[in-house]
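I have placed the structure first, in the form of structure tokens, so that the comments after it can refer back to it.
The values are calculated or read from the model by the stated rules, or taken from the named source; none is laboratory data. Because the structure is a prediction, the values reported are computed rather than measured. FYI the Cβ positions are ideal-geometry reconstructions off the backbone, even for glycines, and counts take in every protein chain you see.
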Amino acid sequence: MCGIVGYTGDKNCVPVLMNGLTALAYRGYDSAGLAVWEGDSLTLRKAKGKIENLKNLLKESPMSGKSGIGHTRWATHGEPSDINAHPHTDTKKTLAIVHNGIIENYLKIKEMLISHGCVFASETDTEVVAQLLGYLYRGNPLEALKQAVSMLEGSFALAILFADDPKTIYCTCKDSPMVLGHGDNESIVASDIPALLEYTRDVCFMQDRQIAVLKQSGIEFYDEFGVSIQKTPTHIDWDVESAKKGNYEHFMMKEICEEPDTFRRTFEQYVSIKDYTLKSDRFPWNTARAKSFDRLTIVSCGTAYHAGMLGKKFIEHMANLRVDVEIASEFRYGDTMLKNGEPFLVISQSGETADTIAALRRAKELGCETMAVCNVTGSTISREAGSVLYTYAGPEIAVAATKSYLAQIIVLYLSALDLAQKRGEMSQEAVTARLKEMSRVPAAMQKILDNKEQIQFFASRSFAVKHVFFIGRGMDYALAMEAALKLKEISYIHSEAYAAGELKHGTIALIEDGSLVVALATQPQLQAKMASNMEEVRVRGAHVLTVTNGPWEGAKGHSHTQWEIEQMDDTLAPLCAIVPMQLLAYYLAVQKGCPVDQPRNLAKSVTVE
Ligand code: M6R
């Protein structure tokens with residue numbers, strides 16, 4: 001979605017803003033722009049398309065100044081164009097504004113402003129906020145902002161530069177993230193952490209309707225009534241380099257290659273390595289509480305939903321606890337059977353996904369005990385959930401989630417073991433044996449990464465494929481869902497995941513000469529059944545690629561290509577088997593010349609409904 005950056009300080013703000021926008025580009029956008037206080041006037045530069053276009057515009061018509069705001073826009077109201085790009089100003093040019101989110105009552109406000117003589121230049125809801133602020137402004141920016149915010153419905157993060165107070169940036173937000181930091185003689189605001197890392201790692205997250213006033217000397221915070229408040233900064237331990245591409249061609253490949261490290265880092269947060277026991281106090285339930293659960297509800301979106309599906313398999317299998325998993329956008333408006341006090345878990349990499357936040361708030365209203373699996377300290381979900389199981393994936397920049405999915409399924413696997421032990425379903429010895437085995441998974445992953453050319457070669461021969469079906473049973477079916485999403489989102493190849501036994505109830509009609517069927521068959525107890533399903537598609541012309549947990553002789557007659565991961569406990573195999581699936585998606589996308597890190601129409605953090 002859109003990205004915001006604002007700067008005031010002793011540097012020329014233009015390179016700072018451009019670096020910030022580049023750091024936020026991964027969120028997805030289709031135009032970019034800057035507003036800078038230059039000498040004695042507000043100067044704007046805006047360009048449709050990539051940040052490169054804005055850079056070229058700045059080469060032709062340079063500008064400089066000590067305070068400014070910048071934006072990458074992901075079009076919602078009005079097509080991507082120079083005019084609709086942010087920043088927007090009011091007619092009298094008393095201010096410039098950038099906005100993330102959607103103003104739901106913008107038409108009503110627009111009509112009122114038109115009746116008072118305002119003339120609109122763009123089709124955006126953002127210009128309505130600019131004109132509204134200009135209309136309300138009587139020389140006191142804070143007053144105008146307070147009044148405007150009380151009239152806005154929907155979601156917004158706003159950064160504003162007033163011509164009368166050019167060295168100050170005013171910010172506010174509702175249901176859309178904003179993070180601020182004060183560096184050396186400079187203050188900076190952005191919609192996401194990576195834009196701030198070069199300046200400071202001690203940051204403050206804005207809460208709904210709070211107002212921040214950024215000056216070179218520091219940042220003042222106010223509540224929605226204009227009363228001054230203090231905020232304590234959160235320290236972010238991501239380093240600057242971890243949010244950079246380094247020598248990799250794409251962030252996605254860098255992030256896949258980081259998976260063994262992500263595994264170790266996340267594992268060590270929850271497991272005591274000296275004796276392979278769980279750090280049981282890291283989990284948000286004690287023994288009595290774990291025993292009292294009848295059901296756990298998991299709610300999330302996209303990849304995080306797929307992590308929930310696999311988590312369900314882990315928890316039901318190991319802890320003998322029923323788990324219901326629901327998509328957040330369905331849960332938030334659907335009927336619910338949830339009762340007061342029931343455990344409710346959301347999963348989110350960003351911690352800012354609008355539907356997941358709404359689901360969490362609904363569960364809180366229902367009196368549930370809320371928990372979150374989350375990657376971003378200080379994010380809305382991490383602040384609002386009753387307790388947080390952090391993932392330690394570090395910053396994930398590619399739109400396609402890879403290492404964050406891995407970290408989520410590791411945390412869910414460890415939660416399943418912890419619940420199993422506390423509920424008396426597994427002994428301490430059995431848990432320790434499993435954790436020892438688990439500690440060997442990163443090395444098995446590394447082997448796959450070291451031999452990734454095998455997958456690249458396969459992709460080079462298969463990139464013209466039109467349809468790919470991922471099939472599996474049990475845990476492999478949950479894994480297949482994520483494998484199919486990964487492929488479709490970055491390569492635009494049509495792909496679907498099916499429970500292998502379900503194919504013949506309809507979908508097998510789509511199998512034809514040249515279809516690719518990826519059979520995930522890591523569960524030995526289900527391999528005989530998988531063999532029949534593989535044969536059904538093979539005889540109908542599909543090319544069958546099978547992924548197995550160690551050698552499986554039985555696959556030979558039924559599949560054309562076989563990839564083996566190192567043999568391991570069945571329950572652990574999905575943690576490793578996701579790596580070749582992510583690599584397959586990556587290489588097919590690269591072969592097709594797709595923009596791997598920023599696929600069309602997608603945004604990293606989906607902060608609108
Ligand atoms: O930040 P979240 O985990 O809440 O995001 C949820 C989904 O938007 C996200 O997983 C999305 O499906 C990714 N593009 C998948 O690669």
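Filter the stretch 568-587 down to the residues that are hydrophobic (A, V, I, L, M, F, W, C) and under 22 Å from the mean Cα position of the chain (by Cα) and list them by number.
Result: LEU575, CYS576, ALA577, ILE578, VAL579, MET581, LEU583, LEU584, ALA585.
Counting just the residues of the stretch 229-253 that are part of a helix (DSSP H, G or I) and either modelled with pLDDT of 95 or more or of a type in the set (Phe, Trp, Tyr) (or both), which one comes out farthest from LEU21 (Cα to Cα)? Break it down stepwise before answering.
First, pick out the residues of the stretch 229-253 that are part of a helix (DSSP H, G or I): 241-243, 251-253.
Checking the rest, the ones that are also either modelled with pLDDT of 95 or more or of a type in the set (Phe, Trp, Tyr) (or both) come to 251-253.
Numbers: PHE251: 16, MET252: 19, MET253: 22 Å.
Out of the qualifying residues, it is MET253.
Would you confirm whether any residue within the stretch 329-338 is in contact with a strand residue (DSSP E or B) (Cβ under 8 Å, 6 or more places away or on another chain) and free of Cβ contacts under 8 Å to residues at least 24 places away in the same chain?
Yes, the stretch 329-338 contains at least one residue that is in contact with a strand residue (DSSP E or B) (Cβ under 8 Å, 6 or more places away or on another chain) and free of Cβ contacts under 8 Å to residues at least 24 places away in the same chain.
If I ask for residues that are farther than 21 Å from PRO595 by Cβ and either without any contact (Cβ under 8 Å) to a residue 40 or more places away in the chain or within 16 Å of the ligand (Cβ to nearest atom) (or both), which ones from the stretch 458-476 would you list?
Of all residues in the stretch 458-476, those farther than 21 Å from PRO595 by Cβ come to 458, 461, 467, 469-476.
Residues satisfying the conditions are ARG461, PHE470.
Is there any pair linking a residue in the stretch 423-447 that is buried (at least 20 other Cβ atoms within 10 Å of the Cβ) to one that is of a type in the set (S, T, N, Q), with Cβ under 7 Å and at least six apart or on different chains, and which?
The qualifying pairs are VAL431/GLN421.
In the list PRO87, PRO15, which residue meets the criterion of being under 26 Å from the mean Cα position of the chain (by Cα) and in the same structural domain as THR126 (by TED's automatic domain parsing)?
Exactly one residue qualifies, and that residue is PRO87.
Do you know which of the residues in the stretch 254-266 that are among the acidic types (Asp, Glu) and part of a helix (DSSP H, G or I) is farthest from the chain's Cα centre (by Cα)?
Per the criteria, the residue is ASP261.
Would you confirm, using the coordinates I've provided, whether PHE344 is assigned to a strand (DSSP E or B) and either within 16 Å of the ligand (Cβ to nearest atom) or under 22 Å from THR402 (Cα atoms) (or both)?
Criteria met by PHE344.
Going through the stretch 298-331 one residue at a time, which ones are within 13 Å of the ligand (Cβ to nearest atom) and part of a strand (DSSP E or B)?
Answer for the stretch 298-331, where residues must be within 13 Å of the ligand (Cβ to nearest atom) and part of a strand (DSSP E or B): ILE298, VAL299, SER300, ILE327.
Are there any pairs with C-beta distances below 6 angstrom linking a residue in the stretch 529-550 that is within 12 Å of ILE471 (Cα to Cα) to a residue that is hydroxyl-bearing (Ser, Thr, Tyr) and buried (at least 19 other Cβ atoms within 10 Å of the Cβ), with the two at least 6 apart or on different chains, and if so which?
MET534/SER559; VAL544/SER559; THR546/SER559
Could you grab the pairs with beta carbons closer than 7 Å, sequence gap of 6+ or different chains, first residue in the stretch 581-609 and within 19 Å of LYS403 (Cβ to Cβ) and not assigned by TED's automatic domain parsing to the domain that holds ALA23, second one modelled with pLDDT under 95 and among the basic types (Lys, Arg)?
These pairs meet every condition: ALA603/ARG27; LYS604/ARG27; SER605/ARG27.
Working only within the stretch 267-282, note down all residues that are touching a residue at least 60 places away in the same chain (Cβ under 8 Å) and in a strand (DSSP E or B).
Correct list: VAL271, THR277, LEU278.
State whether the residues of the stretch 453-471 include one that is in contact with a helix residue (DSSP H, G or I) (Cβ under 9 Å, 6 or more places away or on another chain), within 21 Å of THR391 (Cβ to Cβ) and not in a loop (DSSP other than H, G, I, E, B).
No, the stretch 453-471 contains no residue that is in contact with a helix residue (DSSP H, G or I) (Cβ under 9 Å, 6 or more places away or on another chain), within 21 Å of THR391 (Cβ to Cβ) and not in a loop (DSSP other than H, G, I, E, B).
When the residues of the stretch 593-609 are filtered to those that are more than 11 Å from the ligand (Cβ to nearest atom) and at pLDDT below 80, which remaining residue is farthest from the chain's Cα centre (by Cα)?
Here the answer is GLU609.
Among the residues of the stretch 1-37, what is the count of those that are of a type outside the set (A, V, I, L, M, F, W, C), crowded, with 24+ Cβ neighbours inside 10 Å, under 23 Å from LEU95 (Cβ atoms) and touching a Lys or Arg at 6+ places or on another chain (Cβ under 7 Å)?
Total satisfying the criteria: 5.
Given the conditions (1) free of Cβ contacts under 8 Å to residues at least 24 places away in the same chain; (2) part of a loop (DSSP other than H, G, I, E, B), report the number of the one that TRP285 does not fulfil.
Every condition holds for TRP285 apart from (1).
With respect to GLY181, determine if the residue is in contact with a Leu (Cβ under 6 Å, 6 or more places away or on another chain) and not β-branched (Val, Ile, Thr).
When the stated conditions are applied, GLY181 passes them.
ALA212 versus (1) closer than 26 Å to ARG27 by Cα; (2) part of a loop (DSSP other than H, G, I, E, B): which is the lone unmet condition?
Answer for ALA212: the failing condition is (2).
Is there a residue in the stretch 240-250 that is surrounded by 13 or more Cβ atoms within 10 Å (Cβ to Cβ) and touching a Ser or Thr at 6+ places or on another chain (Cβ under 9 Å)?
So far as the stretch 240-250 goes, no, none of its residues is surrounded by 13 or more Cβ atoms within 10 Å (Cβ to Cβ) and touching a Ser or Thr at 6+ places or on another chain (Cβ under 9 Å).
Residues of the stretch 394-438 being modelled with pLDDT under 95 and not acidic (Asp, Glu), which ones?
GLY394, PRO395, ILE397, ALA398, VAL399
Find all pairs meeting these conditions: Cβ atoms under 6 angstrom apart; at least six residues apart or on different chains; first residue within the stretch 377-398 and within 24 Å of GLU259 (Cα to Cα); second residue away from the ligand (no atom under 14 Å from the Cβ) and part of a loop (DSSP other than H, G, I, E, B).
GLY394/TRP238; PRO395/TRP238
Only one of ILE219, ILE256 is crowded, with 20+ Cβ neighbours inside 10 Å, modelled with pLDDT of 95 or more and assigned by TED's automatic domain parsing to the domain that holds VAL179. Can you tell me which?
ILE219
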